[in-house]
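The values are calculated or read from the model by the stated rules, or taken from the named source; none is laboratory data. Predicted model, so just to flag it, every value in this text is computed and none were measured. With ligands, DNA and RNA removed, areas are computed over all heavy atoms of the protein, side chains included. Shrake-Rupley method; radii C 1.70, N 1.55, O 1.52, S 1.80 Å.
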Amino acid sequence: MGMLNASAQQPGFLGGGVLVDGEAEWHVVYRFASEGTVRSWEDSTARARWDVQAADFARQTGRRSVRGYKVWFDSQTATPKTPAPPAEWKLWFVNMSAVFPPALMFNLIIFLLCLCVTALVTWILMPRLQRFLKKWLYPPLPEFRGRDKRWTA
């Protein structure tokens, strides 16, 4: 607070305060009438003495200058900007990484299923069905009935 009291002695000082952000960060806010008056405060020997005294318990993490009161409060409460959309090739890559493996596995499963069904039908079902339906599939032709007996006689 001593630094704020010292800045209040500067010409053009309009006010100031300390904003506490959580437990560890404190922000000292000054309000001056013009850019020139704030520069004279920042370059003053009083400010330099306070910087030396505060070096034991505080450190400067950044400095920001804004014009008008609205800018300060808008920037504190504004929602963060949404990031730019990723490049199209990156979206394509993610899409292919998500779609290609399941599609490949699905096609491989269908292919293997077709092979298994074909083998089952060819070597197991068809021979049994042909034996079972032999008379229906291969009926004796009327003109050949008894023909083998005529030739032998």
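General remarks:
- Largest-first ordering by accessible area, 1.4 Å probe, given options Ser97, Ser65: Ser65, Ser97
- Exposure of Trp50 as accessible area (Å², to 10), given a probe of 1.4 Å and all protein chains: 80
- In terms of its C-alpha gyration tensor, region 1-54 has an oblate overall shape, because the principal axis ratio a/c (a ≥ b ≥ c, square roots of the eigenvalues) is not below 1.5 and a/b does not outweigh b/c.
- The phi torsions of region 115-125, fed into the Karplus equation with coefficients 6.51, -1.76 and 1.60 and a -60° offset, translate into couplings of 4, 5, 5, 4, 5, 4, 5, 5, 9, 10, 6 Hz, rounded to whole numbers, with Gly and Pro shown as x.
- By accessible area with a 1.4 Å probe, ligands and nucleic acids excluded, highest first: order of Asp56, Asp21, Asp43, Asp51: Asp56, Asp43, Asp21, Asp51
- From phi via Karplus (6.51, -1.76, 1.60), per-residue ³J(HN,Hα) for region 90-105 in Hz, x at Gly/Pro: 5, 5, 4, 4, 5, 4, 5, 5, 8, 8, 4, x, x, 5, 5, 5
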